[in-house]
């Protein structure tokens, strides 16, 4: 076990009040590589509150992204900008086809998409819309891969399905390996990021990663994974956000 | 040998969150207090504003996010600058004077723009502002500039402007003034209107990515 990963999407109180389901989704896959290495692929998505098929869009976007990214990993793709963009386009096409099947405007399937592919000597990040990806350095200090930008208004952002040319797709590829990483949707942004200084609120992650670092068995990660639900659905977080929230954490040995 | 760690017991997750200011949701009320509003209308309006305050105050997030400002006319006067409802103490309004709607609208839009600037300077996120005009008459001043400001603001998605006509209001003028269809208040149902407004503000101020200005149906208080 090289990668230790936990991740949960939890419904927000405003969605409970209005009888909605959780419209966030998250998933990951660990792919064994040669030399006893592992690739880690993870994606999260936040379905737009105004979209009729928000939950399904988020779910499908995440699962398809993982599937396409896994195919790239298994085919030993070089993961250049072109292949990553093609991956996002495939997900776009998939979501668009779902909207066509349902005979609804494609924006009824609006959702954000952010995720990563971590190989032993390469790290790939991509994002459309809000939410954030942060990585930890060897000293356990966390920095965002990108600073998330909403539109003028707090409740507006960009979505995968907005435009087939994906003008808001951000891609980053580095040769620097990543040891620790977190992915979260916008429901946690106000709690985990400091807007004024555009920095990560370190205590938020310093209270989560140390225990994950110490996990050595799948039983440990499974305990932490269920504790993550308790934490994300607890009163202290709900007092600060009424939105759905997703948090995925990964730490490597 | 590995040290023993109880994965069930060791603290996991902190209550130490980033101290970001709540995003704000500005709501500008432009209220007609001209002579014709005297008597029951002004009394019902006063009670309606109190209802708005009480309703928003009871909502944990709306009470921190919605900021109400109040301009009355005429003459045009700023009764209350933008405040969250905890600090919003509406004075009892009295009715006298004429109906300078043009000037009131221009001032309201200007104040909304200034408020956004203040948010931006302080790193405070915000939601789309709402400007609500309530009148029982028609403008007694030049309202051509106000019409243009409303059209430009709506086109640029800078705010949402709603005109509410009380019995006696010149609905034809309101139609020309407002990009959105003006609504006619049924009788003196200010309470029902402000209940609707507070429910709408709660909805706007709760996080809903991609949400356009989607209105609750104006049921109960509007003559449709």
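None of the figures in this text is laboratory data; all of them are computed from the coordinates on show. Not measured: the values here are computed from a predicted model. Every residue, glycine among them, receives a Cβ derived from its backbone with ideal geometry; neighbour counts consider all protein chains shown.
At a glance:
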item: Orientation-averaged projected area, Cα convex hull of the stretch A:35-114 (nm²); result: 5.6 nm²
item: Percent of alpha-carbon pairs separated by more than 14 Å within the stretch A:114-169; result: 63 percent
item: Rg to Rh, two decimals, where the stretch A:77-154 supplies the alpha carbon set and Rh follows Kirkwood; result: 1.06
item: Relative contact order of the stretch A:5-147, defined on C-alpha pairs under 8 angstrom at six or more residues apart (%); result: 22 percent
item: Rounded to 10°, Cα long-axis angle of helix B:190-205 versus longest principal axis of chain B; result: 40 degrees
item: For the stretch B:1-62, the Rg and Dmax computed from alpha carbons only, in angstrom; result: 25.4, 87
item: Whole-number percent relative contact order across the stretch A:129-253, with pairs defined as alpha carbons under 8 Å at least 6 apart; result: 31 percent
item: Inter-site label distance for residue B:171 and residue A:80 at 7 Å from Cα along Cβ, in nm; result: 6.5 nm
item: Alpha-carbon gyration tensor eigenvalues x 5, square-rooted, for the stretch B:117-179, Å; result: 27, 13, 10
item: Distance between the stretch B:39-86 and the stretch A:108-174 - C-alpha centres, whole angstrom; result: 40 Å
item: Tail fraction, Cα-Cα pairs, chain A, threshold 35 Å, whole percent; result: 9 percent
item: Enclosed volume per residue, in Å³, of the convex hull spanned by Cα atoms of the stretch B:81-169; result: 118 Å³
item: Å³ per residue enclosed by the Cα convex hull of the stretch A:1-73; result: 69 Å³
item: Cα→Cβ-extended label distance, 7 Å offset, between residue A:21 and residue A:93, nm; result: 2.7 nm
item: Reduced Cα scattering model of chain B, Debye log10 I(q)/I(0), q = 0.11, 0.14, 0.15 Å⁻¹; result: -0.53, -0.83, -0.95
item: Convex hull per residue volume in Å³, alpha carbons only, for the stretch A:135-241; result: 158 Å³
item: Chain A: most fluctuating residue of A:47, A:19, A:140 per GNM, C-alpha cutoff 10 Å; result: A:19
item: Structure-based [θ]222 nm, chain B - -39500 (n - 2.57) summed over DSSP H runs of at least 4, per residue, nearest 500; result: -11500 deg cm²/dmol
item: Peptide ranges A:38-45, A:8-15 listed from the most packed, as the mean C-beta count within 10 angstrom indicates; result: A:38-45, A:8-15
item: Distribution of pairwise C-alpha distances over the stretch B:1-114, 5 Å bins, in %; result: 2, 10, 17, 16, 15, 10, 6, 4, 3, 3, 3, 3, 3, 2, 1, 1, 0, 0
item: Approximate shape of the stretch A:96-197 as ellipsoid semi-axes (Cα gyration tensor, √5λ), whole Å, largest first; result: 28, 18, 10
item: Approximate shape of the protein assembly as shown as ellipsoid semi-axes (Cα gyration tensor, √5λ), whole Å, largest first; result: 49, 23, 18
item: Kirkwood-based shape ratio for the stretch A:143-203, expressed as Rg/Rh from alpha carbons; result: 0.98
item: Hull shadow area, averaged, the stretch A:1-139 [alpha-carbon convex hull, nm²]; result: 9.8 nm²
item: Residue among A:48, A:182, A:207 with the largest mean-square fluctuation in a Gaussian network model of chain A, springs linking Cα atoms under 10 Å; result: A:207
item: Highest-fluctuation residue, B:121, B:79, B:192 considered, GNM on chain B with Cα pairs under 10 Å; result: B:121
item: Rg/Rg_globular for the stretch B:108-148, with Rg_globular taken as 2.2 N^0.38 Å and Rg from C-alpha atoms; result: 1.53
